[in-house]
Amino acid sequence: MKTLRLHGVRSVLVVAPHPDDEVIGAFGLMRLLRRRGARVRVIIVTDGAGSHPNSRTWPRARLVAMRARETRGALRGIGIGAGDVRFLALPDGGLGAGGGAVRRVLARALAQARGHDLLVMPARDDDHPDHRVVSSVAAACPAIRRLEYLVWPNRQVRARPATHGFALGTAGAAAKRGVILRYRSQFGMIDDDPGGFTISRRELAAFAHPVERYRETAR
């Protein structure tokens, strides 16, 4: 695996299917680029409400607002202000069912964010269908350098290996773990939805691995 080279990157767009995917996929990269003075913009595609659809104490509007606050707080901590974070609020878990309308909304958002040196996007073979939809639209963007991150390995299809690694080190991995934990809605805070999503300890350990892995795709 090659070391990820970021020389000359002054502007990057990170596309996340759900709130928290942006730090799971690219925390270390975003933090380093901000420290170097690069501009980092983030697009959160879905509203995040699919994690706890049956909670009575956290109805959809309240949960969507909470997840947006979590995202802004986490990104603010690494120097990305609210003005550089855009929420498209598309239906969580429903990107595939949305068909062409969803794709057009996402394509317009990406087209409005031109002028970047680097596009960071979900892997096209991620196990989550929302991730695959976002990846397929992002892959059609004007030719710039692209990096794919994998959040949910696909158990049915053998994932293509990462081509580049970005070392966080022990301290960096601990910092990333702490930022992921700021998404409290995903760690058992909402306890009245038996089918609700919770990040497990095993998943947290994988997300906060000391090396972020990316696949660099052809322009």
Of the listed residues (Arg67, Arg124), the one being in contact with a Ser or Thr (Cβ under 8 Å, 6 or more places away or on another chain) and under 24 Å from Ala174 (Cα atoms) is Arg67
Please verify whether Ala174 is surrounded by 15 or more Cβ atoms within 10 Å (Cβ to Cβ) and aliphatic (A, V, I, L, M), treating the condition exactly as stated.
no
What pairs come out if I take residues in the range 169-197 that are free of Cβ contacts under 8 Å to residues at least 24 places away in the same chain and pair them with residues that are open to solvent by 50 Å² or more (accessible area, probe 1.4 Å) and of a type in the set (Phe, Trp, Tyr) whose C-beta lies under 9 Å away, six or more apart or interchain?
Leu181/Phe187
Collect the residues in the range 117-145 that are within 19 Å of Val23 (Cβ to Cβ) and in contact with a strand residue (DSSP E or B) (Cβ under 7 Å, 6 or more places away or on another chain), keeping them in residue-number order.
Leu118, Leu119, Val120, Met121, Pro122, Ala123, Asp130, His131, Val134, Ser135, Ala138
Note: among Ile190, Ile180, just one is of a type in the set (Val, Ile, Thr), surrounded by 19 or more Cβ atoms within 10 Å (Cβ to Cβ) and out of contact with any Gly (no Cβ under 9 Å at 6 or more places or on another chain), namely Ile180
If you take the residues in the range 193-219 that are open to solvent by 50 Å² or more (accessible area, probe 1.4 Å) and part of a loop (DSSP other than H, G, I, E, B), which one is farthest from Ala167 (Cα to Cα)?
Pro194
Filter result (in contact (Cβ under 8 Å) with a residue 24 or more places away in the chain and either closer than 15 Å to Thr46 by Cα or more than 17 Å from the chain's Cα centre (by Cα) (or both)) within the range 133-149
Val133, Val134, Val137, Ala138, Ala140, Cys141, Pro142, Ala143, Ile144, Arg145
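The values are calculated or read from the model by the stated rules, or taken from the named source; none is laboratory data. Values in this document were obtained by computation on a predicted structure and should not be read as measured data. Cβ coordinates were reconstructed from backbone atoms using ideal geometry, including for glycine residues, and neighbour counts include every protein chain displayed. Side chains included, ligands, DNA and RNA excluded: accessible areas come from the protein's heavy atoms. Shrake-Rupley method; radii C 1.70, N 1.55, O 1.52, S 1.80 Å.
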